[in-house]
Structure formats: structure tokens, C-alpha cells
Amino acid sequence: MEKKAPVKAPKAASKIMPPPNDLTSCEATAQMLAKARRDGVVLDIDRAVNMKACPIGADSACCKHCSMGPCRLNSKDPYGKVGVCGATIDTIQARNFGRMVAAGSAAHTDHGMAMLELFREVVTGKIKDYRIKDPIKLRDVAKSIDIETDGKSDEEIALELYAELERTYTQVDGEIPFMKRVPEKTLETWRKLGIVPRGAMREVVEMIHRTAIGVDQHYENITKQASRTALSDGWGGSMVSTEIADILFGTPSPVVGEVNMGVLKENQVNIIIHGHEPNLFESIITSVHEPTLVQAAKAAGAEGINLIGMCCSGLEVMQRHGIPHAGNFSSTEAIMVTGAVDAMGVDIQCIKQGMAKVAECYGTYLFTTNTRCRIEGAEHIELDEHDPQVCTDEIVIRAISRFKNRTRPIEIPQITNTGVQGFSYEYINYMLGGSFRGSYTPLNDNIINGRIRGVAGVVGCTNPRVRQDEVHVELVRELIKNDVLVLQTGCSQIALAKAGLCTPEAAYLAGPGLSEVCEAVGMPPVLGLGACVDNSRILMAASEMVKVGGLGDCLADLPVAGAAPEWMSEKAIAIGQYFVASGVFTVFGVTFPIVEGTKFHKLLFDGLEHQGLGKWGFTPDPHEMAQMMIAHIDKKRKALGIDKARDRILVDMADRRELDVA
Ligand code: SF4
Ligand code: MSK
């Protein structure tokens, strides 16, 4: 049933709005923003213009942890006053930061627990619609945590793996299973500092407790727990989520994927899936191929059913199936302005409440599907993994009915970009070393000989407080120009794909060393590793670089750096802190919730590095960000004694024998 009359969203404030192209560098999003304004509809990008950020909150100089407050400190004179309870600026900032880490870690942890529950139901035969797609990965993951696999069936291994990985969440004492993957010297540092994580549920609860009124009031001690909580996410909650998703749905390998709003098809029923858990998307793939539904779409006058992804759900399936991707976080409202989206199904995380109003304005059916995420104004069709087609078939049926009764004018920006996606940690191993000697050795060799200067992880969200995609793209262009290989996840990956940097041909934009390596291997200078929860793949790649040798003994020794140039989510803060605690210099853009010059600021931006960990950096400027990251990479190269470019060392037969044979 189609809606009767167009609904108008609240009008923008009467101020003159900046031109769309000033707010987004995504041309398709700019076109839709302009159309939304003509239609009298306000999108998130314009709401950000109208909503001035609270400067005290932006500096994290306020506290509302009890009703003696809220207390506001002065960020210009941070030590000039304290809260009613006596909390100092350092305590207040550290507590706020710790709670952001706890919230972000809880998000990844809850996502990972859902994946593990799904895995349990599959391996115990209670769920029949999914199965183990990658038994090789099942065995590899089991072996990595010392589960004996010889002579056992996949089912036996899976049950043991489930029991062991459950500890990642519930363990109240001792080290979680994936600590076995951490380079020994890094683990030693964590043990010395008392930050080896227990189960994520334990760490998140303690983080919240410690930051309540009258508990932990020493910023250094609070930061320790923030590190421990974040590590329980990166090496726990998130890592389990990635590994289980690969085992159940397949480990990604490179596919050519189309991105941008041009993937919408006017003559087809367009269905978008947006969120984070892969199961909704995997199930709707089956529904859109269901012959009766395909027939129903044709009977409604459509040429077919066009299934598309957005945000991280989209990345999960683009890298596993090559399904087209329409855009990142800052385009999820704009895409509905096309009038061509017949239905959008969402599950969890990064789903803006404002989407419900935009969907109403353009007659798109917006469906929530997960019990943990409902939105006022959106219809809820719950996905039950024991019978997922009930939900996903219904979404398709409703999308077909909307197609049949389309009344809104259709305007699809005709922009499509292609790129290669799906570089899992395992595929990089294979790509660099070949099928018979998969190894990170060639990567290390090329870093040592100076062809590749270092590796950067550029990840994370887009944020309407900055021009969409621009900081990501400018930063990455500068990094690759300086021979830094870039690994990507999350919405950043889509920004770069739209900019055409995820193709092997983009090697011409890289410096001479990196471009030579890319051409030899046939890979892009920018490798997309998946959704934001898949940053664990970057941790695994870095651990492998340490294991292979020649680049130091611990993660903090590596010539690597990380960045989230347009971050917005608490998940990004958790990710940043687990990279910092793992030993990586990590630079954030947009804003950083801290008052510069405080003791807490000095600890995050300098002190942690002296403890043997990484450190934080901040700048909103992409070029300065690149220079900061490159300077750090060069500092590490110098410490390793590889600051002078070396001649290529050809691998001889004796060396070859020493290499791992797959
Ligand atoms: Fe104010 Fe202290 Fe209460 Fe925070 S915990 S609101 S600083 S009195
Ligand atoms: S969706 S957390 S906006 S990457 Fe993972 Fe994108 Fe950031 Fe959400």
C-alpha cells in the first residue's frame, strides 16, 4: 500500500544554507541534498548545520553522573574549578572517555555475542537456514587457540570452538582465548600494566562502575580500565564477530564491487539493507532469488529485484558476494530522496532516527528487524534466525507493492564507481605469498627495503560536521603518494571506493615504491578489509608482520599508524583506544573530546607511548594528519634501523625452504 500524500519534514531554520557541494564531496549525495531542500525535507547534513555543537560537551568538560550536578567546568581555565563532588577536569574527562569506550565496546561485544549465539544454534542443528561455509577457517581459528583438530569432525571442532569463544564474553578471571594471537612482547607489556582483558562483559561492567560518582577518581587508573575494556573489544568481542561471520558466511576474497547511488535501478524493485549484522542480508539474498517473489516483481511491472547494501551491512556482503553498495553513513537519508528506494531493512547500529521521517516523506518502507533496535515511525518485522525468510520475504513483498504503486518522481544520480573489495587478512597472506607459501614475508621485505614506507589503517565513519568523504580521500591520497600502503574498513572504505582508489589502476597515484609493488602483485594501493567490526583483521595483519620478523618484537615497534578522519560513533573511540593500547599511533579528525593541555590529554597523547603502548593524535586537517602519520612511521623505521632505503634482497632457495608452506 502506497502512502497517500507526501509528508513534509520540519523546515530548516530560515538561515541561508551552504551549497550542498560545500557539505559533501559525494556528488550523488549533494544532488539529493539539493533535491531534499527543494522538496522541503531536512536531511542529517542540514541538521548538522542547524545544530551548533555544545562547546563544553565537545571538550568533555561537563559531567552528569549524579544529581548534585550536572557540573560544567571551563575549558579555557580547566583547573579553575571542580565539580560539586570535587571531581577535577582530568577525572571528568577520563570518566567520560571511559564511558565512550564502554559503550563502543558493548556495541561490538553485543554484535559478536549475537554472531556466536547464531553459530551455536547452527552447529547444534537448531538453525537450518545457515551452515558452516568455510570449514578451513573453522579449523584455522580453532588451531589458533590450541584446540586439537586432527581426527575431529567439523561439528566436534565447532562445538569446542563455541565453548572456548564464549569465554571471550563471560570470563571473570584470567586471559581470554585470543590472547594467544597477541605477539608475546605486546602481551608482556599488557601483563605488566595489568590491562590484559578478561571477558568483555566483565570489563564493560567494571568500566561503567568505576566511572560512577565516588568510585575511580584517578585519571590514570580510569585510563587503564579504558584500555583493558577496549582490548576486550578489539581482541575479543570484535575479533570473535569477524571470525564467526567468516566461518558461517565465507571468508572474503577480492571481488569487483559497484558503489554509489547509480546502483539503484529505476525499472527494478530497489531494496536496501543497512546496519551491521550479516544474517539479515544473507537471508534476504535468498528471498530476492525466490522464484515466486521474482515472478511477483515481474507481474508488478519490474524488470527484477535489485538488492543493495549501505554502511557496514553493505560492506559485509559486497566483500562476500559482490553485491552493490549505495553509500556510507552520510548518504543513508539522502538515498531515499531519489524516490527509488522501495524498501529499506535495518538491523543495528548507525541507523539514524531521522531516516524514519525521510522514509515517510518519500514513501519508502523502512523496516526495523532486530529486537534491540526499533524506531518510532518505522514498522518492525522481527528477524528470527530460526525462520529468517518470514521476515525477509515480507520485506520483499512490501517492496514490490511499493514499486507497483510508486507515486513519487524518481531522480537517481547516474554515478557509479567500481573497485576491488574483500581483502581479508587471509587473502592478503595468499596474495603476497602465493598459494603454496602464503606469507606476509614479501610485505615485510618491501617495508625493510623501503619500497613500502609503512602501513596505515584508515577507518571509520563519515560525519556531517565535516565535508563528507573529503578528509578520508585527501588523507589516503597523501599517504599512498608517500609509499604508505593503506588498509581500510567501514564507511571510509566506501569514501575511497567512490573516489576510485580501490582499483589496481590507482597505483599510478602511489609513490614509486608502492606503485611498483602494487603493479607486481596486481593489487590496489588501498585494501578494503570490511566492516567497522572487522578492524580485528588489521590487528591480525599487524600481528603477522611481527611474527614474520624483521620489524621488531611487538606491535608498537611496527612502522604503522591509524586514523579515523571523520569519526562520529562511540564505537570509533573504542576502536581507537584498542589500537592505541595495542601499540599504534592513532589520529582522529573532526573533534576530540578533551581539553588540550590537561594531565589526561598528556597521558593519551604522550604518556601511553612511554608505557610501551601507542598514543593518540588529533587534527581535522587531512594533510597535517598524513604528515603526522608519516613522521611516526619514519620514527619507527629509524628505531628499527631501516630508515635508509635498502636494495632488494632476492629470496634464494634456502630462504624459500624456510618460508611457511600452506
Ligand atoms: Fe558533578 Fe561530581 Fe556529580 Fe559529576 S559526579 S555531576 S562532577 S557532582
Ligand atoms: S557503519 S560506526 S558510521 S564506520 Fe559501521 Fe560507518 Fe562508523 Fe557506523
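The values are calculated or read from the model by the stated rules, or taken from the named source; none is laboratory data. Because the structure is a prediction, the values reported are computed rather than measured. Don't worry about glycine lacking a Cβ; one is built from the backbone with ideal geometry, like all the others, and counts go over all protein chains shown. Ligands, DNA and RNA are excluded from the accessible area calculation, which covers all protein heavy atoms including side chains. Shrake-Rupley method; radii C 1.70, N 1.55, O 1.52, S 1.80 Å.
Probe of 1.4 angstrom, ligands and nucleic acids ignored: what's the accessible area per residue over segment 365-490, in square angstrom? All intermediate terms of the calculation are to be shown ahead of the outcome.
Numbers: 4610 Å² over 126 residues.
Here the per-residue accessible area is 37 Å².
Using unit Cβ charges (K, R positive; D, E negative) and no other charged atoms, how large, in debye to the nearest 20, is the dipole of segment 211-335 about its Cα centre?
Dipole of segment 211-335, to the nearest 20 debye: 60 debye.
State, as an integer percentage, the relative contact order of segment 199-351 based on alpha-carbon contacts under 8 Å between residues 6 or more apart. Present the calculation step by step, with values, prior to reporting the outcome.
Numbers: 211 pairs, mean separation 41.2, N = 153.
Over segment 199-351, the number comes to 27 percent.
Which percentage, to the nearest 5, of the DSSP beta bridges contained in the chain is antiparallel?
15
Quick one, can you get me the convex hull of the C-alpha atoms of segment 448-565 expressed as volume per residue in Å³?
94
Please name which of M540, L443, M201 has its Cα lying farthest along the dipole of the chain towards the positive end, using unit charges on Cβ (Lys, Arg +1; Asp, Glu -1) and the Cα centre as origin.
M201
Under a 5 Å amide H to amide H cut-off, with H placed in plane at 1.01 Å, what residues pair with M344 once short-range neighbours are removed?
Those lying under 5 Å, H to H, from M344 are I272, Y365, L366, F367.
Given segment 211-261 reduced to its alpha-carbon atoms as identical point scatterers, what log10 I(q)/I(0) does the Debye formula return at q = 0.28 Å⁻¹?
-1.00
For segment 420-640, what does the alpha-carbon gyration tensor say about shape, rounded, prolate or oblate, given a ≥ b ≥ c as the root eigenvalues, a/c under 1.5 as rounded, and a/b over b/c as prolate?
It is oblate, given that a/c is not under 1.5 and a/b is not larger than b/c.
So what's the net charge close to G69: Lys and Arg +1, Asp and Glu -1, counting the other residues with Cβ under 14 Å from its Cβ?
+4
Using Cα-Cα distances under 8 Å and only pairs 6 or more residues apart, what relative contact order does the chain have, in percent?
Here the relative contact order equals 16 percent.
Kindly report the accessible area of segment 62-249 per residue (heavy atoms of protein chains, probe 1.4 Å, no ligands, DNA or RNA), in Å².
Roughly 41 Å² per residue, with all protein chains present.
Could you tally the net charge around G460, taking each other residue with its Cβ under 13 Å from the Cβ of G460, Lys/Arg +1 and Asp/Glu -1? Intermediate values should be presented prior to the final figure.
On the way: positive: K571; negative: D469, D534, E566, E570.
Within the 13 Å Cβ shell, the charges total -3.
Of T407, A53, G322, which is farthest towards the positive pole of the chain's charge dipole, taken about the Cα centre with +1 and -1 on the beta-carbons of Lys, Arg and Asp, Glu respectively?
Sorting the options by dipole projection puts first A53.
Of A564, L138, P620, whose Cα points farthest to the positive end of the dipole of the chain (charges on the beta-carbon: +1 Lys, Arg; -1 Asp, Glu; origin at the Cα centre)?
P620
In the chain, carbon and sulfur make up what percent of the accessible area (probe 1.4 Å)?
After summing per-atom areas, the C and S share lands at 53 percent.
Residue-wise, which Karplus ³J(HN,Hα) couplings in Hz belong to segment 86-93, taking 6.51 cos²θ - 1.76 cosθ + 1.60, θ = phi - 60°, and x for glycine or proline?
For segment 86-93, the Karplus curve yields x, 4, 7, 4, 5, 5, 4, 5 Hz.
For segment 357-416, what log10 I(q)/I(0) values come out of the Debye formula at q = 0.24, 0.25, 0.28, 0.30 1/Å, with one point per alpha carbon and no solvent?
With one equal scatterer per Cα and no solvent, log10 I(q)/I(0) is -1.04, -1.08, -1.17, -1.23.
Could you go through segment 413-419 in sequence order and give the Karplus-derived ³J(HN,Hα) for each residue, using 6.51 cos²θ - 1.76 cosθ + 1.60 with θ = phi - 60°, rounded to whole Hz, and x for Gly and Pro?
Listing the rounded values in order: x, 8, 10, 9, 10, 10, x Hz.
Could you work out Rg/(2.2 N^0.38 Å) for segment 222-380, with Rg from alpha carbons only?
Ratio of Rg to 2.2 N^0.38 Å for segment 222-380: 1.12.
Mind checking the dipole of the chain: about its Cα centre, +1 per Lys or Arg Cβ, -1 per Asp or Glu Cβ, Debye to the nearest 20? Walk me through the numbers before you get to the answer.
Numbers: 71 positive and 83 negative charges, 390 e Å.
Dipole about the Cα centre, nearest 20: 1880 debye.
To the nearest 10 square angstrom, how much accessible area does K638 have with a 1.4 angstrom probe?
140
Over the Cα atoms of the chain, what is the Rg over Rh ratio if Rh follows Kirkwood?
Computed over Cα atoms, the ratio is 0.96.
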